[in-house]
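Contents: one structure, followed by commentary.
The values are calculated or read from the model by the stated rules, or taken from the named source; none is laboratory data. These numbers come from a predicted model, not from an experiment. Cβ sites come from the backbone with ideal geometry, for glycine too, and all protein chains shown count toward neighbours. The area values use the complete protein model at the heavy-atom level, side chains included, leaving out ligands, DNA and RNA. Shrake-Rupley method; radii C 1.70, N 1.55, O 1.52, S 1.80 Å.
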Amino acid sequence: MGRPTSKADLLDAAATNYESLLAFIDTMTEQELTTPFQFGEEPSKKEAHWKRDQNLRDVLTHLYEWHQLVLHWITSNQNGDNIPLLPKPYTWKTYGTMNMQLWKKHQNTSLEDAKQMLGESHHKTMQLLETFSNEELFTKGVFPWVGNSPLGSYFVSNTSSHYNWAIKKLKAHRKVVKSLG
């Protein structure tokens, strides 16, 4: 399935990819759950997140925190508070630093709490998504606070695409664990 370009496709992709993520997690072995991520110096894994996230909890809390950013950004702007998606002092050039701060924030969060938090934030994100029309989601310029992208692109990035990212990371971890014996 390609990147969603309609509300119906987005709702389907977000729900499907979320369920796929949960299903994959349910198949993780005790060894996969307890072995820290070890992606080493693989040239294909240069992005900062390959070093940042050390376990499933880190992945789930990352997804949760990005849901929180989107939920806060949209509801604040709908209420007339013109705020950017990324909280000050962060920008798109420095959001990696923000991601590290979010990672640090959850080092004492349990895996069970992370699962529950993500479940609740996914539900809230989907509820908010439902309130917008197809045109509001996929037409540029509908909401001045969104900028040059349609609002739907932020939902795509923080649901279906982000869930795919998490699944790919967990599959890479499974491959590493299997190679360890």
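State whether the residues of the stretch 43-55 include one that is open to solvent by 20 Å² or more (accessible area, probe 1.4 Å), out of contact with any helix residue (DSSP H, G or I) (no Cβ under 9 Å at 6 or more places or on another chain) and modelled with pLDDT of 90 or more.
No, the stretch 43-55 contains no residue that is open to solvent by 20 Å² or more (accessible area, probe 1.4 Å), out of contact with any helix residue (DSSP H, G or I) (no Cβ under 9 Å at 6 or more places or on another chain) and modelled with pLDDT of 90 or more.
Is the stretch 117-134 home to any residue that is assigned to a loop (DSSP other than H, G, I, E, B), out of contact with any strand residue (DSSP E or B) (no Cβ under 9 Å at 6 or more places or on another chain) and closer than 21 Å to His49 by Cβ? Can you show your working first?
Start the filter on the stretch 117-134 by keeping residues that are assigned to a loop (DSSP other than H, G, I, E, B), which leaves 131-133.
Now restrict to residues that are out of contact with any strand residue (DSSP E or B) (no Cβ under 9 Å at 6 or more places or on another chain): 131-133.
Now drop any that are not closer than 21 Å to His49 by Cβ, which leaves none.
No, the stretch 117-134 contains no residue that is assigned to a loop (DSSP other than H, G, I, E, B), out of contact with any strand residue (DSSP E or B) (no Cβ under 9 Å at 6 or more places or on another chain) and closer than 21 Å to His49 by Cβ.
On the basis of being over 30 Å from Gly40 (Cβ atoms) and either in contact with a Cys (Cβ under 9 Å, 6 or more places away or on another chain) or open to solvent by less than 40 Å² (accessible area, probe 1.4 Å) (or both), does Ser121 make the cut? Even if it seems obvious, please write down each step before you answer.
Values: over 30 Å from Gly40 (Cβ atoms): yes; either in contact with a Cys (Cβ under 9 Å, 6 or more places away or on another chain) or open to solvent by less than 40 Å² (accessible area, probe 1.4 Å) (or both): yes.
In short, yes.
Which residues, taken from the stretch 74-106, are within 19 Å of Phe143 (Cα to Cα) and out of contact with any helix residue (DSSP H, G or I) (no Cβ under 8 Å at 6 or more places or on another chain)?
Ser76, Gln78, Asn79, Gly80, Asp81
Every residue in the stretch 148-174 that is of a type in the set (A, V, I, L, M) and open to solvent by less than 10 Å² (accessible area, probe 1.4 Å), please. Please lay out each step first, then the result.
So in the stretch 148-174, the residues of a type in the set (A, V, I, L, M) come out as 151, 156, 166-167, 170, 172.
If the condition is that a residue be of a type in the set (A, V, I, L, M) and open to solvent by less than 10 Å² (accessible area, probe 1.4 Å), then Leu151, Val156, Ala166, Leu170 are the ones that fit.
Only one of Leu86, Leu63 is of a type in the set (A, V, I, L, M), part of a loop (DSSP other than H, G, I, E, B), within 24 Å of Gln127 (Cβ to Cβ) and open to solvent by less than 30 Å² (accessible area, probe 1.4 Å). Can you tell me which? Before you say what the answer is, go through the steps one by one.
Details: Leu63 fails: part of a loop (DSSP other than H, G, I, E, B).
Answer to the selection: Leu86.
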